[in-house]
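Worksheet: the structure to be examined is printed underneath.
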Amino acid sequence: MYHGQVVIEGNLVRDPEKVLVGENGSIMARFSIAVNRYFKNAQAEPVEEVMFIAIQVWGGLAESCLKYLQKGRGVRVVGRLRQERWTDKEGGNKERILVVAEHVEFKPDPNNASKTEQAQELDDLDQEIAF
């Protein structure tokens, strides 16, 4: 059993970005989602906590994300955690944890089509990216 798998749901902070990687030009899409958490603090006051999660998507799934996702659209991402480490221009060590998506579920776009059109679009997409 692999313990680094995560399921996370949120809304895109900005449109996905297309990145061509390597000599063969593998397609990668990257985007960030905002994940909200609501709770009450010790004084019983409501608190909203927002976390921003970086997502990487590869291959055919990346192409579908680039085609169908835009800022504000909701997604559910299933993937694995990945840690990146690098040295910045000033010589400082940097790191971040991101999610490499293995499955992305697109939530209906409230600003786009009717519910019937969205259902058909999502059904078509499921068939397009089936493994």
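The values are calculated or read from the model by the stated rules, or taken from the named source; none is laboratory data. Because the structure is a prediction, the values reported are computed rather than measured. Using ideal geometry, Cβ is built from the backbone for each residue, glycine included, and neighbour counts are taken over all protein chains shown.
Looking only at residues in the stretch 93-108 that are surrounded by 15 or more Cβ atoms within 10 Å (Cβ to Cβ) and aliphatic (A, V, I, L, M), which one is farthest from G4 (Cα to Cα)?
Within the stretch 93-108, the match that is farthest from G4 (Cα to Cα) is V104.
Restricting the search to the stretch 63-92, which residues are hydrophobic (A, V, I, L, M, F, W, C) and over 15 Å from E105 (Cβ atoms)?
Residues satisfying the conditions are L66, L81, W86.
Filter the stretch 26-44 down to the residues that are closer than 14 Å to L66 by Cβ and of a type outside the set (A, V, I, L, M), then identify the one that is surrounded by the fewest Cβ atoms within 10 Å (Cβ to Cβ).
S26
Looking at A29, A42, can you tell me which residue is part of a loop (DSSP other than H, G, I, E, B) and aliphatic (A, V, I, L, M)?
Residue meeting the stated conditions: A42.
Could you pull out the residue among K18, K71 that is within 18 Å of A101 (Cβ to Cβ), of a type in the set (K, R) and in contact with a helix residue (DSSP H, G or I) (Cβ under 8 Å, 6 or more places away or on another chain)?
One residue alone meets the criteria, K18.
Restricting to the stretch 21-45, count the residues that are among the aliphatic types (A, V, I, L, M) and farther than 27 Å from G74 by Cα.
2
Residues checked against (1) out of contact with any Gly (no Cβ under 8 Å at 6 or more places or on another chain); (2) not aliphatic (A, V, I, L, M); (3) not in a strand (DSSP E or B):
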{"residue": "I53", "(1), (2), (3)": "no, no, no"}
{"residue": "G60", "(1), (2), (3)": "yes, yes, yes"}
{"residue": "K67", "(1), (2), (3)": "yes, yes, yes"}
{"residue": "G72", "(1), (2), (3)": "yes, yes, yes"}
{"residue": "V78", "(1), (2), (3)": "yes, no, no"}
{"residue": "R82", "(1), (2), (3)": "yes, yes, no"}
{"residue": "W86", "(1), (2), (3)": "yes, yes, no"}
{"residue": "E95", "(1), (2), (3)": "yes, yes, no"}
{"residue": "L98", "(1), (2), (3)": "yes, no, no"}
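State yes or no: is E84 surrounded by 15 or more Cβ atoms within 10 Å (Cβ to Cβ), more than 16 Å from L12 (Cβ to Cβ), modelled with pLDDT under 95 and not basic (K, R)?
Values: surrounded by 15 or more Cβ atoms within 10 Å (Cβ to Cβ): no; more than 16 Å from L12 (Cβ to Cβ): yes; modelled with pLDDT under 95: yes; not basic (K, R): yes.
So E84 fails the test.
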